[in-house]
Amino acid sequence: MKFAENVPLAPYTTFRIGGPARWFAEAATEEDVAEGVRFAREGNLPLFVLGGGSNLLVADSGFPGLALHIALRGIAVSRDGEKAIFSAAAGEQWDGLAALAVQEGYAGVECLSGIPGSVGGTPVQNVGAYGQEVSETIVSVRVFDRCNHAFVTLANSECGFGYRKSILNTTGRDRYIVTRVDYALDRNRAPAVQYRDLEAYFKGRTPALPQVREAVLAIRARKGMVIVPGEADSRSAGSFFKNPLVPLADLGRIAGASAVAPESVPHYPDGKGSMKLPAAWLVERAGFPRGYVLGEAGISNRHALALINRGHATAAGILALRDLIVEGVRRHFGIELEPEPVWVGEQQ
């Protein structure tokens with residue numbers, strides 16, 4: 001295993017932003033993962049685990065420790081009648097796994113097609129889109145426990161899954177490194193088309209599994225949420241803000257702030273007295289439309305939630321735009337938006 005010095009991190013991220021890592025290593029095996037952790041511990045270095053780089057914003061000054069790039073590969077499928085376990089190494093590209101599942105006729109992740117990044121990142125923030133979340137299919141997650149310096153397997157019930165979170169990015173954020181994820185998929189499960197965009201796309205028709213994947217890819221492409229080399233809208237971290245959960249009783253106040261009827265506010269009650277609001281709607285209503293520009297940073301021309309690198313943006317520039325949007329939504333609606341991307345580096 002080789003440890004290189006002062007390796008630029010920008011090429012490893014979809015934002016294409018960020019300074020160098022003081023040390024950099026690529027882990028192609030579980031033994032490499034353990035060796036990387038030892039290297040950081042013995043050198044008293046901070047350790048950052050780098051996956052597909054699709055949900056990161058790296059500081060302009062870079063990272064002062066070891067960036068350990070997870071490059072484990074391999075997918076195994078264990079079939080049992082109409083059910084199957086897809087066991088994927090953390091370094092596999094997520095959309096490759098989603099495509100394979102659909103190709104083999106197994107439902108459960110078709111609505112997660114086109115999401116950039118690696119398999120190892122999916123359980124960390126409980127990746128979800130268009131009515132599905134990976135927590136619905138994950139059986140177990142194999143991880144390296146940095147506290148005990150040993151590999152362990154976490155069952156679904158031990159992962160603490162919630163909206164865009166798990167113990168892997170909360171209480172165990174600096175403890176566990178994902179090396180493999182097992183997903184239980186089913187041939188008998190009907191494709192998921194409950195999400196509004198998909199319902200509108202199919203207009204009452206009952207699609208086959210491949211058609212759902214194609215529809216999701218088309219919808220994501222229309223919104224600039226598919227990585228297309230050379231396109232400015234692709235130099236982003238996808239959705240930059242989480243959809244906030246607010247009291248249902250605030251619906252009238254929020255409608256009044258935008259001078260619309262309450263029924264015109266897109267909202268999704270959770271049955272517990274709260275509702276989820278689309279962050280994109282809040283951003284645009286607060287005065288930040290698609291195509292908004294702040295220097296070399298901007299908002300995608302296709303989706304108000306995607307902050308983009310217009311060509312030569314810095315992390316500082318993205319943060320300035322982030323702060324401007326957060327303050328605008330706070331002032332207009334009294335709602336605090338929470339960013340999704342992970343910050344890598346010292347200053348923020």
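The values are calculated or read from the model by the stated rules, or taken from the named source; none is laboratory data. Only a predicted model underlies this, so the values are computations on that prediction, with no experimental measurement involved. With ideal geometry, Cβ positions are generated from the backbone for all residues, glycine too; neighbour counts draw on all protein chains shown. Ligands, DNA and RNA are stripped out before the accessible areas are found, and what is left, the full protein with its side chains, is counted by its heavy atoms. Shrake-Rupley method; radii C 1.70, N 1.55, O 1.52, S 1.80 Å.
Report the charge-dipole magnitude of the chain in Debye, nearest 20, computed about the Cα centre from +1 at each Lys and Arg Cβ and -1 at each Asp and Glu Cβ.
Rounded to the nearest 20 debye, it is 640 debye.
Span-like helices, the chain: DSSP H, alpha-carbon axial extent 24 Å or more, mean Kyte-Doolittle 1.6 or greater, which ones?
Span-like helices, by this rule, are absent here.
Where the convex hull is taken over the Cα atoms of the range 257-348, what is its projected area averaged over directions, in nm²?
7.2
For the chain, what is the accessible area per residue in Å², given a 1.4 Å probe and the full set of protein chains?
Here the per-residue accessible area is 44 Å².
For Cα extents along the principal axes in Å, which listed value, (i) 121, 45, 31; (ii) 60, 53, 39; (iii) 64, 53, 41, comes from the coordinates shown?
(ii)
Between A255 and E338, what FRET efficiency comes out of the Förster formula 1/(1 + (r/R0)^6) with R0 = 25 Å and r the beta carbon distance, rounded to 0.05?
It comes to 0.70.
With a/c under 1.5 counting as rounded, go ahead and sort the range 70-145 into rounded, prolate or oblate using the C-alpha gyration tensor (a ≥ b ≥ c being the square roots of the eigenvalues; past the cut-off, prolate if a/b is larger than b/c, else oblate).
rounded
Between E158 and Y195, what's the calculated FRET efficiency when r is the beta-carbon distance and R0 is 35 Å? Round to 0.05.
0.80
Enumerate the aspartates and glutamates that K223 could reach by cross-link, defined here as Cα to Cα under 13 Å, with residues fewer than 8 away along the same chain left out.
Within reach: D197, E231, D233.
Size of the dipole of the range 261-338 about the Cα centre, Lys and Arg at +1 and Asp and Glu at -1 on the beta carbon, nothing else charged, in debye to 20?
Value, rounded to 20: 120 debye.
Could you give the length gained on full extension between M1 and K276, defined as 0.36 nm per residue of separation minus the Cα-Cα distance, in nm?
Length difference between fully extended and current span is 94.4 nm.
Report in % the part of the accessible area of the chain that belongs to carbon and sulfur, leaving out ligands and nucleic acids; probe 1.4 Å.
After summing per-atom areas, the C and S share lands at 50 percent.
Could you give the nm distance between label points at D186 and T170, where each point is 7 Å from its Cα heading toward the beta carbon?
The two pseudo-label positions are separated by 2.6 nm.
When the Kirkwood hydrodynamic radius is evaluated over all pairs of different C-alpha atoms of the range 191-287, what value in angstrom, to one decimal, is obtained?
For the range 191-287, the Kirkwood estimate is 15.7 Å.
How far apart, in nm, are the 7 Å Cα→Cβ label points at I85 and R222?
For the pair I85/R222, the computed spacing is 3.9 nm.
Which one of A232, L245, V212 is farthest out on the positive end of the charge dipole of the range 161-246, using unit charges on Cβ (Lys, Arg +1; Asp, Glu -1) and the Cα centre as origin?
The one lying farthest along the dipole's positive direction is L245.
Using a simple charge model, +1 on the beta-carbon of Lys and Arg, -1 on the beta-carbon of Asp and Glu, nothing else, what dipole does the range 194-260 show about its Cα centre, in debye to the nearest 20?
About 80 debye.
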